[in-house]
Amino acid sequence: MKFRQMLALALIGGCLLAPLNGVAGLFTTPAREVGDAIFSKFGKGAAGSSADEITSAATNAIARHGKDAAPLLRNSGHSGFQALEMAGDKAPDVIKLYAKRGDESLWVISQPKRLAIFIKHGDSAADALIKHPGLADNLVERFGGDAATALTAISKPSAQRLAMVAEEGLLNASARNPELLPVIRLYGDSAMEFIWKNKGALAVASVLGTFLADPNAYISGVKELAVPVLSSINWTLIVAGILTVLFLPFIARVVVKTRKASANKALPS
């Protein structure tokens, strides 16, 4: 009787422990692979100074975020652990980004500033950062999602031009100037080329309003911007002319004195 009771308890205990052992095995194997891979490729770092310590960190990360975190950790190394920690409840988005974009996403994931931009603005920001490395960082940080979607719609030369007009102040010249970004997203390189050629005129609020009312008509050449007369005046030339008129009598007297002096020197003594 006692033997039967002991056997029954053993069977029940085995049934209860089997799922737990299965869960432990689910995380231990990929965690060990991740730990060994990181230690071999990256050495010691934020996740630990030995393969066992890194494996322990990987076990915790995989238990928390699921086995899909393993490829990210394996290929990003110690920065992957930091990225998941920094992302907080957005960590699943970081894991999905790596699953979608692979190693090229490490440009975003492994750098805190770019990671913060991605966490705040989402996939379009990541796409912009990856497509235009070095150009997109400041633009998306300053102008947000509209800058991100605009950048994904244009080529590198256009992105360079966008960065330059932003630096010159066109995108914040008035309250409506940031509305140029959705136009770029919609019409791509042709919009950026038009904006580049007409950046001076588009800094004028009235001209900008006219353009934003029907951008396609101007970009396609159906309509032309009517630039206000005052903005088309060459003020440098006008100022130079005014100064010439003001100083003309003085210049004339100097010329006359110079001629008289030359004439007197030419007379025989």
Q) Restricting the search to region 186-212, which residues are within 14 Å of Ala226 (Cα to Cα), of a type in the set (Ser, Thr, Tyr) and open to solvent by less than 60 Å² (accessible area, probe 1.4 Å)? A) none
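Do you know which residues across region 118-131 are over 17 Å from Asp89 (Cβ atoms) and open to solvent by 10 Å² or more (accessible area, probe 1.4 Å)? Steps first, answer last, please.
Let us first name the residues in region 118-131 that are over 17 Å from Asp89 (Cβ atoms), namely 124-131.
Ser124, Asp127, Ile130, Lys131 - these are the residues of region 118-131 that are over 17 Å from Asp89 (Cβ atoms) and open to solvent by 10 Å² or more (accessible area, probe 1.4 Å).
Suppose we filter Asn234, Asn177, Asn216 for residues that are among the polar types (S, T, N, Q), over 24 Å from Val108 (Cα atoms), at pLDDT 95 or above and open to solvent by 30 Å² or more (accessible area, probe 1.4 Å); which single one remains? Break it down into steps so the answer makes sense when it comes.
Numbers: Asn234 fails: at pLDDT 95 or above; Asn177 fails: open to solvent by 30 Å² or more (accessible area, probe 1.4 Å).
Every option except Asn216 fails the conditions.
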Q) In region 132-171, which residues are in contact with a Pro (Cβ under 8 Å, 6 or more places away or on another chain) and open to solvent by 10 Å² or more (accessible area, probe 1.4 Å)? A) Phe143, Asp146, Thr149
Q) When both residues are 6+ apart or on different chains and their Cβ atoms are under 6 Å apart, which pairs have a first residue that lies in region 50-61 and is open to solvent by less than 30 Å² (accessible area, probe 1.4 Å), and a second that is basic (Lys, Arg)? A) Thr55/Arg32
Q. In this structure, does Pro112 turn out to be within 26 Å of Val204 (Cβ to Cβ) and either surrounded by fewer than 17 Cβ atoms within 10 Å (Cβ to Cβ) or of a type in the set (Asp, Glu) (or both)?
A. no
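The values are calculated or read from the model by the stated rules, or taken from the named source; none is laboratory data. What you see is a predicted model, and the numbers here were worked out from it, not measured in a lab. Positions of Cβ are backbone-derived with ideal geometry, glycine not excepted, and every protein chain shown enters the neighbour counts. These accessible areas exclude ligands, DNA and RNA; they are computed on the full protein's heavy atoms, side chains included. Shrake-Rupley method; radii C 1.70, N 1.55, O 1.52, S 1.80 Å.
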